[in-house]
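Asks: Before anything else, here's the structure in question.
The values are calculated or read from the model by the stated rules, or taken from the named source; none is laboratory data. Note that this is a predicted model, so its numbers are computed, not measured. We place every Cβ from the backbone using ideal geometry, glycine too, and count neighbours over all the protein chains shown. Note: accessible area is taken over every heavy atom of the protein model, side chains too, but ligands, DNA and RNA are not part of it. Shrake-Rupley method; radii C 1.70, N 1.55, O 1.52, S 1.80 Å.
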Amino acid sequence: MKRALITGVTGQDGSYLAELLIQKGYRVYGLIRRSSTVPTERIYHLGDSLNLVSGDLLDEKSLRQIIEECQPDEVYNLAAQSFVPESWTQSILTGEITALGVTRLLNAIRDVNPQVRFYQASTSEMFGKAQTVPQDEKTPFYPRSPYGVSKLYGHWITVNYRESYGMFACSGILFNHESPRRGREFLTRKVTYAVARIVAGLQNELRLGNLDAQRDWGYAPDYVEGMWRMLQQESPEDYVLATGETHSVREWVDKSFAVAGLDYKDYVVVDPRFVRPAEVDLLIGDSGKARKQLGWNPTVTFDELIEIMVEADEALVQEQEASQHAIAALRGIR
Ligand code: NAP
Ligand code: G4F
């Protein structure tokens, strides 16, 4: 039985990757950091098939102990401070987790068992002010946020440990990927959740920032399959995963409202608070290498992704409303 350790297991990708690896017969360990609240919403359904271990990318000793205890064959480093706007307000913390955290984990692996296969969650944000269209593994980097800069460090330290110590370390340069499990602060989910609440009569306005930015948006479960494929190759390499299509934020907003029979212009307000100090204007990926070498292909179209997310949020809002009503009834309020 192969063993895998996933950092960031409570996040969107971590939860899908844990599902995939359990389904493939792995013994899966998920690193979880101490919290006073319960962050297991996305992995609760996995029950005892997922083994949770306590640690933090800020604490190298905890990482070493976990590698010693779990003896993984594969480590997927998905943990990060991953929300771009927060990286300006918490720039040092973002660097500590998203940049130096990668070195801490690589050091722990190297000390305990350098044969471990390592995946680093790199990002299209590293292309930033994109130097070519579309972007592939050879495109020069030009990050536009402390998050992008931190991820670029994580990318290069992965490449460096591969070249310095012969480690099986891969960097997956993934373009935006979304799902009903996406955090509600990210654009796609912020919009689909708002649409569902507007339909339910719970809000009548949605405040957003730059509607002109363009992104290459795919479906998260497709992308975790690509991560796994990277670690099954004969030699470690870096790969871009992307759909090869780009759409503007405005288009995402327009189509999400249209799925619910609404016109976004009646609800959306542009609010400078959500405009970033520096923007990544255009991302579109060329994943030709992954398609050829990994046999990887995205399976969900832009329109299908929007439908999946709007429908899931409509169901979620109905559920939340039903439980609010039940609680209120119990208290004798309604
Ligand atoms: P996410 O939902 O924001 O999840 C981030 C995860 O990192 C959470 O489990 C979080 O734990 C954990 N984490 C944060 N700080 C930590 C620390 N100090 N120690 C240990 N764990 C910590 O992110 P995602 O969308 O799943 O993305 C997964 C990874 O891929 C991230 O590294 C992200 O930067 C990268 N990426 C994402 C995309 C995308 O479009 N989704 C594209 C390219 C690259 P808590 O639950 O405790 O906060
Ligand atoms: O959904 P976003 O916050 O994602 P962003 O910045 O592209 O980053 C995501 O994808 C990266 C991969 O390229 C990951 F590495 C990263 O961890 C994260 O998962 O914003 C998308 C676009 C931006 O151009 C932003 O300016 O939407 C624009 N936007 C407009 N109004 C907004 C808003 N974004 C958010 N979050 N909230 C708004 O109100």
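Asks: Can you pull the percent of Cα pairs in segment 104-189 with separation above 18 Å?
Replies: Across segment 104-189, Cα pairs with separations above 18 Å total 52 percent.
Asks: In terms of Cα to Cα distance under 15 Å, which aspartates and glutamates are near enough to LYS265, apart from those fewer than 8 places away along the same chain?
Replies: GLU205, ASP212, GLU251, ASP254
Asks: Viscosity 0.890 mPa s, temperature 25 °C: what is the translational diffusion coefficient of segment 14-119 from Stokes-Einstein with a Kirkwood Rh over Cα pairs, rounded to a whole number of µm²/s?
Replies: Rounded to a whole number, D works out at 167 µm²/s.
Asks: Relative contact order of segment 114-202: what whole-number percent is it, with Cα pairs under 8 angstrom and at least 6 residues apart?
Replies: 32 percent
Asks: Now, a different point. Quick one: which of 311-323, 110-122 comes out on top by average Cβ neighbours within 10 Å, and what's the full order, highest first?
Replies: Going by the mean number of other Cβ atoms within 10 Å, highest first, we get 110-122, 311-323.
Asks: Also, quick follow-up: So how strong a dipole does segment 128-286 carry about its Cα centre when Lys and Arg Cβ are +1 and Asp and Glu Cβ are -1, to the nearest 20 debye?
Replies: 660 debye
Asks: Which whole-number percent gives the relative contact order of segment 1-147, counting Cα pairs below 8 Å spaced six or more residues apart?
Replies: Relative CO of segment 1-147 lands at 23 percent.
Asks: Carbon and sulfur: what percent of the chain's accessible surface (1.4 Å probe)?
Replies: Carbon plus sulfur share of accessible area: 48 percent.
Asks: Multiplying the sequence separation of PHE274 and ASN297 by 0.36 nm and subtracting their Cα-Cα distance, what value in nm do you get?
Replies: 5.0 nm
Asks: Any lysines with Cα under 21 Å of the LYS138 Cα? List them, leaving off those in the same chain fewer than 8 positions away.
Replies: Filter leaves LYS129, LYS151, LYS289, LYS292.
Asks: OK, next. Report the full-extension gain for the segment ASP59 to ARG331: residue separation times 0.36 nm, less the Cα-Cα distance, to one decimal in nm.
Replies: Net length gain for the segment: 93.5 nm.
Asks: What trypsin sites (Lys or Arg not before Pro) does segment 7-91 have in DSSP loop regions with at most 12 other beta carbons within 10 Å?
Replies: Within segment 7-91, the qualifying trypsin sites (Lys or Arg not before Pro) (loop, at most 12 other Cβ atoms within 10 Å) are LYS24, ARG34.
Asks: Here's something else I'd like to know. Which GluC sites (Glu not before Pro) in segment 31-92 pass both tests, a DSSP loop state and at most 11 other beta-carbon atoms within 10 Å?
Replies: Those that pass, being in a loop and sparsely packed, are GLU41.
Asks: With +1 on each Lys and Arg Cβ and -1 on each Asp and Glu Cβ, and nothing else charged, work out how big the dipole of the chain is about its Cα centre, in Debye to the nearest 20.
Replies: The calculation lands at about 660 debye.
Asks: Where the centre of each part is set by its Cα atoms, how far does segment 100-144 sit from segment 307-328, in angstrom?
Replies: Comparing the Cα centres of segment 100-144 and segment 307-328, I get a distance of 37 Å.
Asks: May I pose another question? Quick one: Cα convex hull volume of the chain, Å³ per residue?
Replies: 142 Å³
Asks: Using the crude model of +1 on Lys and Arg Cβ and -1 on Asp and Glu Cβ, and no other charge, please compute the dipole size for segment 107-200 relative to its Cα centre, in debye to 20.
Replies: About 400 debye.
Asks: Estimate the FRET efficiency between GLN324 and GLU163 by the formula 1/(1 + (r/R0)^6), using the beta-carbon distance for r and 51 Å for R0, to the nearest 0.05.
Replies: Once the sixth-power term is evaluated, E becomes 0.40.
Asks: As a test of the definition: which semi-axes, in Å, follow for segment 70-145 when you take the square root of five times each eigenvalue of its alpha carbon gyration tensor? Largest first, please.
Replies: Here the semi-axes work out to 26, 18, 9 Å.
Asks: Separate question: State, as an integer percentage, the relative contact order of segment 175-274 based on alpha-carbon contacts under 8 Å between residues 6 or more apart.
Replies: 39 percent
Asks: Same structure, new question: Using Cα centres only, tell me the gap between segment 222-263 and segment 51-69 in whole Å.
Replies: Using only Cα atoms, the two centres lie 30 Å from each other.
Asks: Okay, next question. For n ≥ 4 DSSP H runs only, could you compute -39500 (n - 2.57) per run for the chain, divide by its residues and tell me the 222 nm figure to the nearest 500?
Replies: -12500 deg cm²/dmol
Asks: A further question follows. Can you work out the accessible area per residue across the chain, with the rest of the protein chains kept in place, probe 1.4 Å, in square angstrom?
Replies: Heavy-atom SASA per residue in the chain reads 46 Å².
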